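S.K.: Before anything else, here's the structure in question.
What follows is calculated from the coordinates using simple rules that are stated; it is not laboratory data. Note that this is a predicted model, so its numbers are computed, not measured. Virtual Cβ from ideal backbone geometry, glycine too; neighbours counted across all protein chains shown.
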Amino acid sequence: MNRIIEIQNDGYYLSAARGFMVIEKKGETNARKIPLTDIGVLILSGVGCGLSTNLVMRLVEAGAGIVLCGANYHPAALILPVEGHHEQTGRIRQQIGASLPLRKRLWQTIVQSKIRHQAEILSRWAGRDEGLMELARRVGSGDSDNKEAQAARRYWPVLFGPTFRRNSKAGGTNALLNYGYAIIRAQMARSVAACGLHPALGIHHRNDANPFCLVDDLMEPFRPLVDHCVREIVEVRKEPPAELTPDIKRELADVLGLLLKGKRDIAVAPTHILRLCQSLVQSFAAKKESLVFPASILPVVSGGNDADDS
């Protein structure tokens, strides 16, 4: 159930019938049908699309996430199930009751993982990590001296060139990053809900206007995976694409099918995302940091039987 379905053009109407999502377009007689159980994320980037309330309910019941995209493919809204786990109430109590020292330690390890993964990406594309591995080792509790921002200032110019600036409202390479991050964000939101955690109760992020603070906390170590995919797209085309074409969207959507190395096995990205959420539940319950991250963020090219796509 990890297929990503995107409706990017106007004039489509989506509904549910007999276990299928039905996609119809005005003026066309042939409707397309997709099993609801196959859908992991539904992305709506076409502003003139319609969908039935029944379809929304069926997708939520099936555990799928729905992403509504705004300008530059930045996610404007996510629709997720309210009830995600039979122990949800108890887990949310533990989440609320997490002490400040524990939250600081959790954020420290998240930032360390993100910077280590950024170092991997730079080593892959530039042959050097710009000192990011050492910077990751120096991240303190709660990242009080903002090593995350220091890493970003070294990271982006090396990965995409000295003139590149990360700007979620810009086009070009930034639009590609926005789209890839939206996919990771939706998958993380699904896993947060499935583990019985409340997406608004962040570890570090505290924006009152953001109902997905925890999702944004936990997706940080997975952002470099999207960065790597975008760099591959730029490399193949010899220059940053001027626009986000359907072909590029399909390439970015494949990010959830990539295999990543864990401590004991190789598994697809959604499995690692779920493991991180599960380890956060355990951390809240034990009142001790025990987060589980991918051992490497660089995709593994493997056709063997050691992969776990559960």
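S.K.: With loop defined by DSSP as not H, G, I, E or B, and exposure as at most 15 other Cβ atoms within 10 Å, which is the longest segment of the chain clear of exposed trypsin sites (Lys or Arg not before Pro)?
M.R.: 27-127
S.K.: What's the local net charge at Q118, with K and R +1, D and E -1, over the other residues with C-beta under 15 Å away?
M.R.: Net local charge, Q118 excluded: +4.
S.K.: In whole Å, how far is the Cα centre of segment 275-298 from that of segment 229-261?
M.R.: Cα centroid to Cα centroid, the span is 28 Å.
S.K.: Antiparallel DSSP bridges in the chain: what percent, to the nearest 5?
M.R.: Of all bridge pairs located within the chain, approximately 60 percent are antiparallel.
S.K.: Additional query: If pairing requires two Cys Cβ atoms under 4.7 Å apart, which cysteines of the chain are left without a partner?
M.R.: C49, C69, C213, C229
S.K.: I would also like to ask the following. L259's amide H: which non-local residues (gap 5+, or another chain) put their own amide H closer than 5 Å, with H modeled 1.01 Å from N in plane and none for Pro or chain starts?
M.R.: V300
S.K.: Sticking with this one: So what's the net charge close to L78: Lys and Arg +1, Asp and Glu -1, counting the other residues with Cβ under 12 Å from its Cβ?
M.R.: So the surrounding residues net to +1.
S.K.: With the contact rule set at Cα under 8 Å and sequence spacing of 6 or more, what percent relative contact order holds for segment 3-69?
M.R.: 39
S.K.: Tell me the net charge near T37. Cut-off is 12 Å between Cβ atoms, T37 excluded, with +1 for each Lys or Arg and -1 for each Asp or Glu.
M.R.: Here the charged neighbours net out to 0.
S.K.: Check F20: other-chain or 5+ apart residues with amide H under 5 Å from its amide H, H built from backbone geometry?
M.R.: Amide H neighbours of F20: L36.
S.K.: Sticking with this structure for a sec: What longest region of the chain stays clear of GluC sites (Glu not before Pro) that DSSP places outside H, G, I, E and B and that have at most 11 other Cβ atoms within 10 Å?
M.R.: 84-242
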